[in-house]
1. Go through the range 102-118 and report how many residues are open to solvent by less than 50 Å² (accessible area, probe 1.4 Å) and either modelled with pLDDT under 70 or not small (G, A, S) (or both).
2. How many residues does the range 48-65 hold that are hydrophobic (A, V, I, L, M, F, W, C), in a strand (DSSP E or B) and modelled with pLDDT of 80 or more?
3. Mind checking whether some residue in the range 9-27 is of a type outside the set (S, T, Y), modelled with pLDDT of 65 or more and surrounded by 14 or more Cβ atoms within 10 Å (Cβ to Cβ)?
4. Just to be sure, is V160 out of contact with any Ser or Thr (no Cβ under 7 Å at 6 or more places or on another chain), modelled with pLDDT of 85 or more, outside any loop (DSSP other than H, G, I, E, B) and β-branched (V, I, T)?
5. Identify all residues within the range 119-157 that are touching a helix residue (DSSP H, G or I) at 6+ places or on another chain (Cβ under 8 Å), modelled with pLDDT of 75 or more and assigned to a helix (DSSP H, G or I); write none if there are none.
6. Looking at L94, L99, which one is open to solvent by less than 30 Å² (accessible area, probe 1.4 Å), at pLDDT 85 or above and of a type outside the set (S, T, N, Q)?
7. Residue check: is L77 surrounded by 15 or more Cβ atoms within 10 Å (Cβ to Cβ) and in a helix (DSSP H, G or I)?
Amino acid sequence: MPAESDPNSSPENDGTASDQGTGLADRLLGLLLLVSAALLVAGWFMPVMTVQTLFVFYNEVSIIEGAFSMLESGDYLLVAIIVVFTIIFPVCKLVLAFLVWRRLDAPHSGMGLALRRVELFSKWSMLDVFVVALVVVIAKMSLVSDVTVHAGLYVFCSAVMLSMFAVWRISHLAHRGLADKEA
């Protein structure tokens, strides 16, 4: 005769395989944020595209080099948009997400505010990819230049996607922790 199972010792509650796997993955979120930060910085400095003008002149462009070129040509609004959405917002999002992740085990009153800020920055997280893609599209539309996309664009996009996943998971865990604290 099969033994009756205790409802409190189900696989979801006894700390076995699926619970331990989730716990390990959640502990690795900090590493995921660090990898995302490293990819983000690499994406800023790696060539994003090569622009060939008049079939003779080649210019490899990174996000940082492109921002400096626009600054030299007086496109201050574009530089501000690029700096805000590809540097400042992603860095703030990663730093805040890391701080929230470090405090997941002990939710506190300031966690709600930090979590709202992370979520605010996350809502704008794909805009940085859009800005870079827009620059590539504008360059490709030029009649006198040809554009080749490089690994820097993919590295930058990977950083954004990894950070989006990490922030989504941290947000989920933080909301659950805050709800448990209130209960």
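The values are calculated or read from the model by the stated rules, or taken from the named source; none is laboratory data. Note that the coordinates shown come from a computational prediction; the quantities given were computed from them, not determined experimentally. Ideal geometry is used to build each Cβ from the backbone, glycine not excepted, and the neighbour counts take in all protein chains shown. Accessible surface areas use protein heavy atoms only, side chains included; no ligands, DNA or RNA. Shrake-Rupley method; radii C 1.70, N 1.55, O 1.52, S 1.80 Å.
1. Just the residues of the range 102-118 that are open to solvent by less than 50 Å² (accessible area, probe 1.4 Å), to begin with: 104, 107, 110-112, 114-115, 118.
Within this subset, residues satisfying the condition of being either modelled with pLDDT under 70 or not small (G, A, S) (or both) are 104, 107, 111, 115, 118.
Selection size over the range 102-118: 5.
2. Taking the range 48-65 first, the residues hydrophobic (A, V, I, L, M, F, W, C) are 48-49, 51, 54-57, 61, 63-64.
Adding the requirement that they be in a strand (DSSP E or B) leaves 49, 51, 57, 61.
Now drop any that are not modelled with pLDDT of 80 or more, which leaves 49, 61.
Looking only at that region, the number is 2.
3. Yes, there is a match, as at least one residue in the range 9-27 is of a type outside the set (S, T, Y), modelled with pLDDT of 65 or more and surrounded by 14 or more Cβ atoms within 10 Å (Cβ to Cβ).
4. On the way: out of contact with any Ser or Thr (no Cβ under 7 Å at 6 or more places or on another chain): no; modelled with pLDDT of 85 or more: yes; outside any loop (DSSP other than H, G, I, E, B): yes; β-branched (V, I, T): yes.
Against the criterion (out of contact with any Ser or Thr (no Cβ under 7 Å at 6 or more places or on another chain), modelled with pLDDT of 85 or more, outside any loop (DSSP other than H, G, I, E, B) and β-branched (V, I, T)), V160 does not qualify.
5. E119, F121, S122, G152, L153, V155, F156, C157
6. None of the other options fit; the residue is L94.
7. Answer is no for this residue.
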